[in-house]
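Here's the structure we're looking at; comments come further down.
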């Protein structure tokens, strides 16, 4: 009899309730493969530092060419991408403003933000401040709305693909000094991703990049974990403990 293991499976695409915990056949590695035992993962990629950082880095470093001393605003600074973006922007020497809810102000400050705006009390596009880079890490704003808050030559970045942002990218690439950009981080080559991973590991060792964990759920509570993530109020990452780790929800 083949060995089995626990896995979350689904057969159609709907609400989190389609996710089911089942016993499945344990895979057998071929001669040119390895079998990896997973102790913990996240509701979104593989490890808690991976999803946000792998999106934030190509946006800030590559698309925005972030420079020391620049003013950078991170919208959604307490989320998975935002918490990584704040830390990376500070690492590159930027003056960082984070935008989040009042409940997450202390967290974003602890990550290194020089200033934090409570979006429930203040609209960052109407403060009179201007920025070299505005990174909308949650896709809740728009280039049109943020354009007035950009300095000449400023760059607006978003993580949400839409026909509007694609047209704005095309238009601003040819006209005007202010640019709209989006990075398809998941489509980059394996060599680029491996290089970034090595860079992240060095930052982690140096204490310059830390994962932010909102809550931990055992594998059998995957539906509950997805429901929590769908509220849009998580801080950093939602972690799933799979094997060899504590199975209590924290």
| Against the longest alpha carbon principal axis of the chain, how many degrees, from 0 to 90 and to the nearest 10, is the axis of helix 80-91 turned? | 50
| Could you work out Rg/(2.2 N^0.38 Å) for the stretch 133-174, with Rg from alpha carbons only? | 1.06
| request: Treating each Cα of the stretch 112-250 as an identical point scatterer and ignoring solvent, apply the Debye formula and state log10 I(q)/I(0) at q = 0.11, 0.14, 0.18 Å⁻¹. | output: -0.62, -0.96, -1.25
| message | Need one number: convex hull volume per residue for the stretch 191-237, Cα atoms only, in Å³. | response | 116
| note | Using alpha carbon centers only, the stretch 1-43 is separated from the stretch 122-182 by a whole-angstrom value of 40
| request: Calculate I(q)/I(0) for the stretch 6-83 by the Debye formula, one identical point scatterer on each C-alpha and no solvent, and give its log10 at q = 0.14, 0.15, 0.20, 0.26 Å⁻¹ to two decimals. | output: -0.75, -0.81, -1.03, -1.25
| Rg ratio (alpha-carbon, reference 2.2 N^0.38 Å) - the chain | 1.10
| request: Report the FRET efficiency, 1/(1 + (r/R0)^6), for residue 33 and residue 191, where r is their Cβ-Cβ distance and R0 is 30 Å, rounded to 0.05. | output: 0.90
| message | How much of the DSSP bridge set in the stretch 1-116 is antiparallel, in percent, rounded to the nearest 5? | response | 45
| task | With runs of 4+ DSSP H residues as the only contributors, calculate the mean residue ellipticity of the chain at 222 nm using -39,500 (n - 2.57) per run, divided by the residue total and rounded to the nearest 500. | result | -7500 deg cm²/dmol
| task | For the stretch 50-187, evaluate the Debye formula with one uniform point scatterer on each Cα (no solvent term) and list log10 I(q)/I(0) at q = 0.14, 0.19, 0.20, 0.21 Å⁻¹, rounded to two decimals. | result | -0.54, -1.05, -1.17, -1.30
| query | Between residue 145 and residue 115, what is the FRET efficiency for a Förster distance of 30 Å, r being their Cβ-Cβ separation, to the nearest 0.05? | reply | 0.95
| task | Indicate, rounded to the nearest 5 percent, the antiparallel portion of the DSSP beta bridges found entirely in the chain. | result | 25
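Every number in this text was worked out from the coordinates using simple rules, so none of it is lab data. What you see is a predicted model, and the numbers here were worked out from it, not measured in a lab. As a convention, Cβ positions derive from the backbone with ideal geometry for all residues, glycine included, and neighbour counts pool all protein chains shown.
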